[in-house]
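The values are calculated or read from the model by the stated rules, or taken from the named source; none is laboratory data. Note that the structure is a prediction, hence the values are computed from the model and not measured. Ideal geometry is used to build each Cβ from the backbone, glycine not excepted, and the neighbour counts take in all protein chains shown. When the accessible area is computed, the model is the full protein with side chains, heavy atoms only, and any ligands, DNA or RNA have been set aside. Shrake-Rupley method; radii C 1.70, N 1.55, O 1.52, S 1.80 Å.
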Amino acid sequence: SKDAFSWEEYLKETSSIPAPPSCFRQARVPPSNDFKVGMKLEAHDPRNSTSVCIATVMGLTGVRLRLRLDGSDNSNDFWRLVDSSDIQPIGTCEKNGDMLQPPLGFRMNASSWPMFLLRTLNGAEMAPATAFKKEPPRPQQNSFKPGMKLEAVDKKNPYLICPATIGEVKGDEVFIMFDGWRGAFDYWCKCESRDIFPVGWCSLTKHSLQPPGNSVNLPKNLQTLPASPSKPSRRSMQSPYRLPNPLPPLPVRKGVRGRRPKSET
Ligand code: MLZ
């Protein structure tokens, strides 16, 4: 559509450059997603990473899988790349002499786990070994530089991948700043994090990419002040995208919703 987010235009508008693909722990040519909804696999429990559990593929988004641990509730879904080392074919755990564990917060009595495991695996469609791709190597060093643009998972809304900027670089870590969200979703992560991607990744892998938010990114010491339209210099550093600020009032029209992107919640 005509107002879809365009990196090409956005990079021009913000006079910024993308972080080079060599900075990232991501495949240069993204792998294919050969999983199907309903397939089962083994996954490290994100809330207890030493334990390996059975998971079901609930959805596919680009080369990421939406996963749910069998025996867990529906409010702890998590997302993994098809080349993540956190996932493996069913049988891997046993081959390594380990035991499959109930997920943290298993919804039944612990004594019913062995029977639950038998039943959940009986007749299940298991993801084939060929669907699991080899995790790419770590980058040699942290080559990110402040100001570089990228695409990053919003950890508060992990189904979302959003345009972001490197705010700071410290040792092997980077500070991820989400464009247009006034710092509300920013985080530090390792440069080798699997949650950060080069510009163009979503488009290449057919994953949706959120547009930047409407809020101006202010320097840390000014973040509590309202953005002042009378001092345009304050907003000149980053994302002048989709201004003006303040937004015009919403037109009141029956049956027409969502004319303004949702604000941070
Ligand atoms: N809480 C918002 C999502 C914000 C996403 C921001 N990502 C950097 C909503 O529910 O619309």
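If the segment from SER85 to ALA129 were pulled out straight at 0.36 nm per residue, it would be longer than the present Cα-Cα gap by 14.5 nm. The stretch between ARG119 and ASP98 holds 5.6 nm of extra length on full extension. This uses 0.36 nm per residue minus the Cα-Cα distance. In a reduced charge model with +1 at each Lys and Arg Cβ and -1 at each Asp and Glu Cβ, segment 57-215 shows a dipole moment near 180 debye about its Cα centre. The relative contact order of segment 50-134, computed from alpha carbon pairs under 8 Å that lie at least 6 residues apart in sequence, is 30 percent. Segment ASN142..GLU173, full-extension length gain: 10.4 nm, with 0.36 nm per residue of separation and the alpha-carbon distance subtracted. Estimated from the Cβ-Cβ distance and a Förster radius of 25 angstrom, the FRET efficiency linking LYS155 and GLU8 is about 0.40.
Modelled spin-label separation between SER203 and SER15, with each label point placed 7 Å from Cα along the Cα-to-Cβ direction: 2.3 nm. Surface exposure of segment 141-199, expressed per residue as accessible area with a 1.4 Å probe, stands at 37 Å². Within the shell defined by Cβ-Cβ distances under 11 Å, the residues around LEU204 carry a net charge of +1, with Lys and Arg each +1 and Asp and Glu each -1.
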